[in-house]
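Coordinate-derived values only; no laboratory data. Here the structure is a predicted model, which means the values were calculated and not measured. Cβ atoms come from the backbone with ideal geometry, glycine included; neighbour counts cover every protein chain shown.
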Amino acid sequence: MEITDTRDRKEYRFSVFTATYNRGNVLKNVYDDLLNQTYQDFEWVIVNDGSSDNTDEVVREFIEEKKLPILYIKKENGGKHSAWRVATPLFQGLYEVGADDDDRLTHDMLEIFDRQWKVLESGGAKLYDSFWEIRARVQDEKGKLVGPKFDSFFDSDYNEFCYKMGYGTLECDGCRKVSVLQNEAAVPADILFGHEITNYSECLRWSKAARKYKTRYIPDIVRIYVNTPFSLSKQKPNRKKFYTALVSSIYMVNEQEDLMMRYNKKSLLLNWLNIGYQNVRLKKMVLSPLHRFRDRLAVLCLLPIAAALYMIRK
């Protein structure tokens with residue numbers, strides 16, 4: 001692992017985090033959007049997760065221009081969860097904001113988050129300590145809001161938002177307390193099939209934090225979703241994607257079964273079915289990591305359906 005650190009102080013208001021893999025041709029867009037931010041008290045933390053393209057050369061050019069404080073980490077490919085694990089202890093910001101390597105940022109993204117955090121900070125310790133995150137909205141390149149509209153801010157938590165309110169698929173951009181990312185919402189040190197997956201589902205981490213802290217949801221637009229033809233999400237499935245889907249469902253069942261039983265039993269059923277389906281695709285049986293006997297039994301009962309689905313889709 002190689003680290004280049006051009007930061008000139010120990011504290012920033014924001015840490016802007018970009019994990020990137022073979023996206024050297026679009027990183028300049030993120031760089032330009034950060035240069036054009038109306039609020040400039042931030043560091044940019046970039047993790048090159050083993051790219052084989054020109055990402056290293058592109059980032060080196062940013063560093064040589066000396067226009068932004070940059071922490072650049074170049075490492076072997078290990079998935080986005082490994083990029084999070086390396087970067088999070090090194091954040092020097094009070095709050096973290098994600099900047100995906102293929103999306104665009106509004107020029108006032110950081111200004112919006114700064115203004116909202118100041119409202120919470122001025123409300124006293126009891127109010128401020130009860131929150132860990134502010135989530136804003138995303139629109140596509142045509143200006144269409146991604147997901148249903150809400151006109152004013154409201155306070156909730158990630159679990160209630162996803163399960164009780166049914167907004168689990170709504171696209172938002174979060175700004176989070178680094179202290180919580182380093183503790184309650186940290187990437188686990190030991191993950192099932194950790195070297196075989198492309199990512200440890202971030203929703204699992206946000207769900208853990210939500211059991212203790214609230215989120216403020218605001219209607220402001222802070223990110224532009226770009227539907228790129230070379231998006232990693234559109235690559236052909238491979239064994240790593242099968243393992244990623246399997247591991248995600250196993251952890252969902254282990255850690256969020258109470259939420260699914262309370263708010264969305266169908267989601268629990270689909271996760272049981274997915275565990276069976278991914279086992280069929282991988283030609284192995286992984287049930288022991290499930291904590292409860294009833295979950296293992298449920299997967300076994302659904303296995304014939306999972307096998308039939310696999311044969312239909314094959």
Set the Förster radius R0 to 30 Å, insert the Cβ-Cβ distance between Lys240 and Leu145 as r into 1/(1 + (r/R0)^6), and round the FRET efficiency to 0.05. 0.40
In the chain, whole DSSP H helices that both stretch 20 Å or further along their axis by alpha carbon positions and average at least 1.0 on the Kyte-Doolittle scale are 293-313
Comparing Asp56, Asp151, Asp220 in a Gaussian network model of the chain (Cα, 10 Å), the one with the largest mean-square fluctuation is Asp151
Report the antiparallel proportion of the DSSP beta bridges in the chain as a percent, rounded to a multiple of 5. 40
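If you rank His195, His81, His291 by fewest surrounding Cβ atoms within 10 Å, what's the result?
Numbers: His195 10, His81 22, His291 13.
By the 10 Å Cβ count, ascending: His195, His291, His81.
Could you give the length gained on full extension between Lys10 and Leu94, defined as 0.36 nm per residue of separation minus the Cα-Cα distance, in nm?
Numbers: separation 84, 0.36 × 84 = 30.24 nm, distance 1.07 nm.
The span from Lys10 to Leu94 would gain 29.2 nm if fully extended.
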Which of the GluC sites (Glu not before Pro) found in the range 62-133 are in a DSSP loop and have at most 13 neighbouring Cβ atoms, other than their own, within 10 Å? Glu76
For the range 52-209, what size does the Cα cloud have along each of its three principal axes, sorted from largest down, in whole Å? 43, 39, 37
Greater than 18 Å apart at Cα, pairs in Lys126/Lys212; Lys28/Lys67; Lys149/Lys177; Lys28/Lys66; Lys74/Lys241: Lys149/Lys177; Lys74/Lys241
Segment Ser52-Glu171, length gained on full extension (0.36 nm per residue, minus Cα span): 39.9 nm
Förster radius 30 Å - calculated FRET efficiency between Leu282 and Ala186 (Cβ-Cβ, nearest 0.05): 0.60
Gaussian network model of the chain, springs between alpha carbon atoms under 10 Å - residue of Leu71, Leu259, Leu90 with greatest fluctuation: Leu90
Grab the beta carbon distance between Glu2 and Gln40, set R0 = 22 Å, and tell me the FRET efficiency rounded to 0.05. 0.25
Loop-located trypsin sites (Lys or Arg not before Pro) in the range 275-304, at most 12 other Cβ atoms within 10 Å (DSSP): Lys283, Lys284, Arg292
Note down the nm distance, to one decimal, between modelled labels 7 Å out along Cα→Cβ at Arg60 and at Ser122. 4.7
Stretch Leu300-Asn227 to full length: gain in nm at 0.36 nm per residue minus the Cα-Cα span? 22.5 nm
Residues Phe14, Phe131, Phe150 arranged by fewest to most Cβ contacts within 10 Å: Phe150, Phe131, Phe14
Determine ³J(HN,Hα), in whole Hz, for all residues of the range 173-189 in sequence, where each value follows from phi through the Karplus function 6.51 cos²θ - 1.76 cosθ + 1.60 and θ = phi - 60°; x replaces Gly and Pro. 10, x, 10, 10, 5, 4, 4, 6, 4, 7, 10, 4, 9, 6, 5, x, 5
Ellipticity estimate at 222 nm from DSSP helix runs (n ≥ 4, -39,500 (n - 2.57)) divided over the chain, nearest 500: -12000 deg cm²/dmol
Name the GluC sites (Glu not before Pro) in the range 137-234 that are in a loop by DSSP and that have at most 12 other C-beta atoms within 10 Å, would you? Glu141
Show me, bin by bin at 20 Å from 0, the whole-percent P(r) of the chain based on Cα pairs. 30, 58, 12
